[in-house]
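Asks: Next up is a structure, given as structure tokens.
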Amino acid sequence: MTETESALAPAPSRPDVHLIPGRDKRLRLGHPWVYSNEIRMGSAERALPPGGVVRLIASDGACLGAATFNPHTLIAGRRLTLEGGAAIDAGFFAKHLRRALALRTRLYDRPFYRLIHAEADGLPALVVDRFGDVVVVQANAAGMDRLLPELTAALDTVLKPAAVVLRNDSPMRALEGLPEEVRLLKGCLEGPVRVEENGAVFFADPLGGQKTGWYFDQRDNRAFVAGLARGARVLDLYTYHGGFAIQALVAGAERAVAVDSSAQALAQAACAAEANGVATRCEFRKADVFVELERLGVAGERYDIVIADPPPFARAKKDVAAASRAYRKLTRMAARVTGKGGVLLVASCSHNIDPGTFTDVVAAGLSDAQRFGRIIRQSGASPDHPLHPLLPESAYLKAVVVHLD
């Protein structure tokens, strides 16, 4: 069915879910979520299948749109459209994909980016990353999981990818009662795929790597650090596939040491170093970052640029206190191996740590190390990870860059 035919088709019949009186203000303002305590949750609502599409009805009878609905989760409704009777089909997804593609094409001249970033691109709980003619999909809620056939058809229409990988291994799926799985939806994939970023070449593993195989969100932060790197000695902690270290070397850094606990990730980073012609200036070390920082500090080693970009320390709100201590310790230890006049980048991808708290923790770590200086950059994710204006909590990535005396 074409998009035009879809628009002319009869409105689909779908259940109504009613909001409690006085609990529709956020939704009327444009918020994409409805919480379970905002819904008149009776036996009929509880019996609805997780992930089905419903109409959202205010207490005055007004229809506030169509949403996927899961009666068993805190975020019960995820609004897809303001039109309660709109068809949620391949045409619906194709429209959103084309809009997102138009933006990414304006931002980047090569097809390597996050194409769909969930609510901000109008497709809640959905992530789509593009690696040339390979597309990686992650559906993090029951609604998007049920709609994968429609999404796949739309991807074929808009992008015609050679391969589509399903990376449904996010911890968020457990909250939705969904299993984890990683598999090919379409095509074949043998080994890593090529990634181009900021003039450098890397290799991502969509089937076996972390997340979707690459972290596009740090693109602009890597470019900023590379711009400071000419002639510098660089220490890249939690390097993964070598993004910061290799881009710094391509930009003229003297040498780099890249540290990670994953042998597989370091192997991909080494391949990227070879591909970019910087292998002779880059050393890869398999080690626990805190142990290696302790060793480097005792040995008196110092670097002109230090990057500390760890995995999330706070995966849940209950982890915030322990995570804050870990970020503070990491900052302290990293600052001690940053030379005078050097630059330190500390990042957090823990969405449970807000930007203000993270900056305070970094400042405390610098004080613990008796290092002082100035913040020269505070940033988040690159613009292919847009934010929904009413979901500030989705600004998960924080990066603080400090020039140290």
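Asks: Could you tell me which numbered condition Pro12 fails, if it satisfies all but one of (1) at pLDDT 95 or above; (2) surrounded by fewer than 19 Cβ atoms within 10 Å (Cβ to Cβ)?
Replies: The one condition Pro12 does not meet is (1).
Asks: With respect to Val201, determine if the residue is surrounded by fewer than 24 Cβ atoms within 10 Å (Cβ to Cβ), of a type in the set (Val, Ile, Thr) and within 21 Å of Ser382 (Cα to Cα).
Replies: yes
Asks: Just one of Ala347, Ala334 is surrounded by 16 or more Cβ atoms within 10 Å (Cβ to Cβ) and part of a helix (DSSP H, G or I); which is it?
Replies: Just one listed residue meets the conditions, Ala334.
Condition check ((1) part of a loop (DSSP other than H, G, I, E, B); (2) among the acidic types (Asp, Glu); (3) farther than 25 Å from Ala174 by Cα) across all residues:
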| residue | (1), (2), (3) |
| --- | --- |
| Arg23 | yes, no, yes |
| Asn37 | no, no, no |
| His72 | yes, no, no |
| Ala102 | no, no, yes |
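Asks: Given the criterion of a type outside the set (Gly, Ala, Ser), in the same structural domain as Asp205 (by TED's automatic domain parsing), surrounded by fewer than 20 Cβ atoms within 10 Å (Cβ to Cβ) and modelled with pLDDT under 95, identify the matching residue among Lys317, Lys340.
Replies: Lys317
Asks: Follow-up question, since we're still on this one. Give the residue, chosen from Arg371, Arg325, that is surrounded by 15 or more Cβ atoms within 10 Å (Cβ to Cβ), in the same structural domain as Val225 (by TED's automatic domain parsing) and of a type in the set (D, E, K, R).
Replies: Arg371 is the lone residue from the list that is surrounded by 15 or more Cβ atoms within 10 Å (Cβ to Cβ), in the same structural domain as Val225 (by TED's automatic domain parsing) and of a type in the set (D, E, K, R).
Asks: Moving on to the next point. Might you check whether a residue that is over 17 Å from Arg233 (Cα atoms) and among the hydroxyl-bearing types (Ser, Thr, Tyr) occurs anywhere in the range 308-324?
Replies: There is at least one residue in the range 308-324 that is over 17 Å from Arg233 (Cα atoms) and among the hydroxyl-bearing types (Ser, Thr, Tyr).
Asks: State which residue is nearest to Ile75 (Cα to Cα) when the search covers only the range 352-405 and only residues that are hydroxyl-bearing (Ser, Thr, Tyr) and within 18 Å of the chain's Cα centre (by Cα).
Replies: Ser394
Here is a yes/no grid of residues against (1) in contact with a Pro (Cβ under 8 Å, 6 or more places away or on another chain); (2) in contact (Cβ under 8 Å) with a residue 12 or more places away in the chain; (3) of a type outside the set (D, E, K, R); (4) not in a loop (DSSP other than H, G, I, E, B):
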{"residue": "Pro179", "(1), (2), (3), (4)": "no, no, yes, no"}
{"residue": "Arg194", "(1), (2), (3), (4)": "no, yes, no, yes"}
{"residue": "Val201", "(1), (2), (3), (4)": "no, yes, yes, yes"}
{"residue": "Lys211", "(1), (2), (3), (4)": "no, yes, no, no"}
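Asks: Of the conditions (1) within 25 Å of Asn198 (Cα to Cα); (2) surrounded by fewer than 22 Cβ atoms within 10 Å (Cβ to Cβ); (3) in contact with a Leu (Cβ under 7 Å, 6 or more places away or on another chain), Leu166 clears all except one; give me its number.
Replies: The single condition Leu166 does not satisfy is (1).
Asks: Please determine whether any residue of the range 384-401 is surrounded by 14 or more Cβ atoms within 10 Å (Cβ to Cβ), more than 26 Å from Lys211 (Cα to Cα) and assigned by TED's automatic domain parsing to the domain that holds Val225.
Replies: No, because not a single residue in the range 384-401 is surrounded by 14 or more Cβ atoms within 10 Å (Cβ to Cβ), more than 26 Å from Lys211 (Cα to Cα) and assigned by TED's automatic domain parsing to the domain that holds Val225.
Asks: Could you check how many residues of the range 213-243 are charged (D, E, K, R), outside any helix (DSSP H, G or I) and in contact with a strand residue (DSSP E or B) (Cβ under 7 Å, 6 or more places away or on another chain)?
Replies: The number of residues fulfilling the criteria is 2.
Asks: Would you please name the residue that is nearest to the chain's Cα centre (by Cα), looking only at residues in the range 244-268 that are assigned to a helix (DSSP H, G or I), surrounded by fewer than 24 Cβ atoms within 10 Å (Cβ to Cβ) and aliphatic (A, V, I, L, M)?
Replies: Taking the candidates together, the pick is Ala265.
Asks: Hey, another quick one. Got a sec? Which of Lys95, Lys186 is surrounded by fewer than 18 Cβ atoms within 10 Å (Cβ to Cβ), among the basic types (Lys, Arg), touching a residue at least 24 places away in the same chain (Cβ under 8 Å) and over 29 Å from Asp16 (Cβ atoms)?
Replies: That would be Lys186, the only listed residue that is surrounded by fewer than 18 Cβ atoms within 10 Å (Cβ to Cβ), among the basic types (Lys, Arg), touching a residue at least 24 places away in the same chain (Cβ under 8 Å) and over 29 Å from Asp16 (Cβ atoms).
Asks: Kindly indicate whether Arg110 is charged (D, E, K, R), more than 13 Å from Ser170 (Cβ to Cβ) and part of a helix (DSSP H, G or I).
Replies: Considered against the rule, which asks whether it is charged (D, E, K, R), more than 13 Å from Ser170 (Cβ to Cβ) and part of a helix (DSSP H, G or I), Arg110 comes out as no.
Asks: If we scan the range 43-52, do we find a residue that is among the hydroxyl-bearing types (Ser, Thr, Tyr), at pLDDT 95 or above and surrounded by 17 or more Cβ atoms within 10 Å (Cβ to Cβ)?
Replies: No: zero hits.
Asks: In addition: Only residues in the range 349-370 that are among the aliphatic types (A, V, I, L, M) count as the first member; pair them with residues that are assigned to a loop (DSSP other than H, G, I, E, B) and surrounded by 15 or more Cβ atoms within 10 Å (Cβ to Cβ), Cβ under 9 angstrom, at least 6 apart or cross-chain, and list the lot.
Replies: As it stands, the answer is Ile353/Pro312; Ile353/Phe313; Ile353/Ala314; Ile353/Tyr396; Val361/Ile353, since those pairs meet every condition given.
Asks: If you check every pair at least six apart or on different chains, which have Cβ atoms under 8 Å apart with a residue in the range 60-73 that is farther than 25 Å from Asp89 by Cβ first and a residue that is surrounded by fewer than 20 Cβ atoms within 10 Å (Cβ to Cβ) second?
Replies: His72/Pro50; His72/Gly177
The values are calculated or read from the model by the stated rules, or taken from the named source; none is laboratory data. Keep in mind it's a predicted model, so treat the numbers as computed, not measured. No Cβ is skipped: glycine too gets one built from the backbone with ideal geometry, and neighbour counts run over all protein chains shown.
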